[in-house]
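Asks: Sharing a structure with you now.
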Amino acid sequence: MLWNQFVGITMLLYALTSPVGAIPVFLAITRQARSANIHRIIVLACTAVAVFFVGAAVLGKQILGFFNVGLDDFRIAGGLLALVIALEMFQAQYGKFLQSTSGVDSSEVDIHGMAITPFAFPLLVGPAQVGIMITLSNDNPGWLAKALLAAASIIATFLIGLTLWTAAAIERFLGKTGINVMTRTMALIVAAIGVHFIMTGLRSELPGLAG
């Protein structure tokens, strides 16, 4: 794996989770939590995200083998899911199924439950993100490449945590319009990656397309 690929994958994972777009939801569901609890939520959520990503990076081949699914089939499916994520990012559809902590005493907020579900999974990382990570894992065989994927996952998770840590300041600085612009810019990147996955898978499954 080349250096530019490492940086590209790191930024791809960051874009896939779209923490900037999730800032309004994060602030809404933590509004009644104490400052210390908010920090715990961030740490727990980022830890869960890192576990999902690293697990998919290390065990990608085994997961495909267990389900008896071909890499190109999974690549096409991952590309389609990436397009779905990009569409949701374009439409700014976040947190429709999340319950706000509004009206709940700060001492009663379920820190672990809120951090793991629904914030880490499925808001930041869902089946699509895990599926794309499995595809990247199989595209980069060898333990060194997988170790670099794991490192990229950890760095991306750190950036996600940093974004959430400064969520209030980012929202004040960018405003709703700025957040929407950044989210849609990330959506373009995710959509382009999704199209690339789909076309690569189709060329492998249908060699005639390449000619």
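Asks: Scanning the stretch 47-59 for residues that are surrounded by fewer than 23 Cβ atoms within 10 Å (Cβ to Cβ) and touching a Ser or Thr at 6+ places or on another chain (Cβ under 6 Å), which turns out nearest to Ile132 (Cα to Cα)?
Replies: Val54
Asks: A further question follows. Kindly list, by first and then second residue, each pair from a residue in the stretch 1-12 that is among the β-branched types (Val, Ile, Thr) to a residue that is at pLDDT below 90 and assigned to a helix (DSSP H, G or I), limited to pairs with Cβ atoms under 7 Å and residues at least 6 apart or on different chains.
Replies: Hits for this filter: Ile9/Leu136.
Asks: Still on this structure, please answer the following. Look at Glu171 and say whether it is among the charged types (D, E, K, R) and at pLDDT below 85.
Replies: no
Asks: Within the stretch 175-211, track down each residue that is more than 20 Å from Glu88 (Cα to Cα), among the hydrophobic types (A, V, I, L, M, F, W, C) and in a helix (DSSP H, G or I).
Replies: Met199, Leu202, Leu209, Ala210
Asks: Give the residue that is nearest to Ile76 (Cα to Cα), with candidates limited to residues of the stretch 140-154 that are buried (at least 17 other Cβ atoms within 10 Å of the Cβ) and of a type outside the set (A, V, I, L, M).
Replies: Within the stretch 140-154, the match that is nearest to Ile76 (Cα to Cα) is Asn140.
Asks: Against the condition among the polar types (S, T, N, Q), under 14 Å from Ser18 (Cα atoms) and buried (at least 18 other Cβ atoms within 10 Å of the Cβ), how does Thr135 come out, does it pass?
Replies: no
Asks: Go through the stretch 7-21 and give me each residue that's assigned to a helix (DSSP H, G or I) and buried (at least 17 other Cβ atoms within 10 Å of the Cβ).
Replies: Listed by number, the residues that qualify are Ile9, Thr10, Leu12, Leu13, Tyr14, Ala15, Leu16, Thr17.
Asks: Ok, one more. What number of residues within the stretch 63-72 satisfy the criterion of being exposed (fewer than 14 other Cβ atoms within 10 Å of the Cβ) and either in a helix (DSSP H, G or I) or in contact with a Cys (Cβ under 8 Å, 6 or more places away or on another chain) (or both)?
Replies: Within the stretch 63-72, residues that are exposed (fewer than 14 other Cβ atoms within 10 Å of the Cβ) and either in a helix (DSSP H, G or I) or in contact with a Cys (Cβ under 8 Å, 6 or more places away or on another chain) (or both) number 3.
Asks: Further question on the same structure: Got at least one residue in the stretch 22-36 being part of a helix (DSSP H, G or I), surrounded by fewer than 17 Cβ atoms within 10 Å (Cβ to Cβ) and among the basic types (Lys, Arg)?
Replies: no
One line per residue, one yes/no per condition, for (1) acidic (Asp, Glu); (2) part of a helix (DSSP H, G or I); (3) modelled with pLDDT under 85; (4) loosely packed, with under 15 Cβ neighbours inside 10 Å:
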position	(1), (2), (3), (4)
Ala45	no, yes, no, no
Lys61	no, yes, yes, yes
Leu83	no, yes, no, no
Gly103	no, no, yes, yes
Phe119	no, yes, yes, no
Gln129	no, yes, yes, no
Ala156	no, yes, no, no
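Let's see how each residue does on (1) closer than 27 Å to Arg31 by Cα; (2) surrounded by 14 or more Cβ atoms within 10 Å (Cβ to Cβ):
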position: Leu164; (1), (2): yes, yes
position: Glu171; (1), (2): yes, yes
position: Lys176; (1), (2): yes, no
position: Thr183; (1), (2): yes, yes
position: Leu206; (1), (2): no, no
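The values are calculated or read from the model by the stated rules, or taken from the named source; none is laboratory data. A quick note: this is a predicted structure, and the numbers were derived from the prediction, not measured. Cβ: placed from backbone, ideal geometry, glycine included. Neighbour counts: every protein chain shown.
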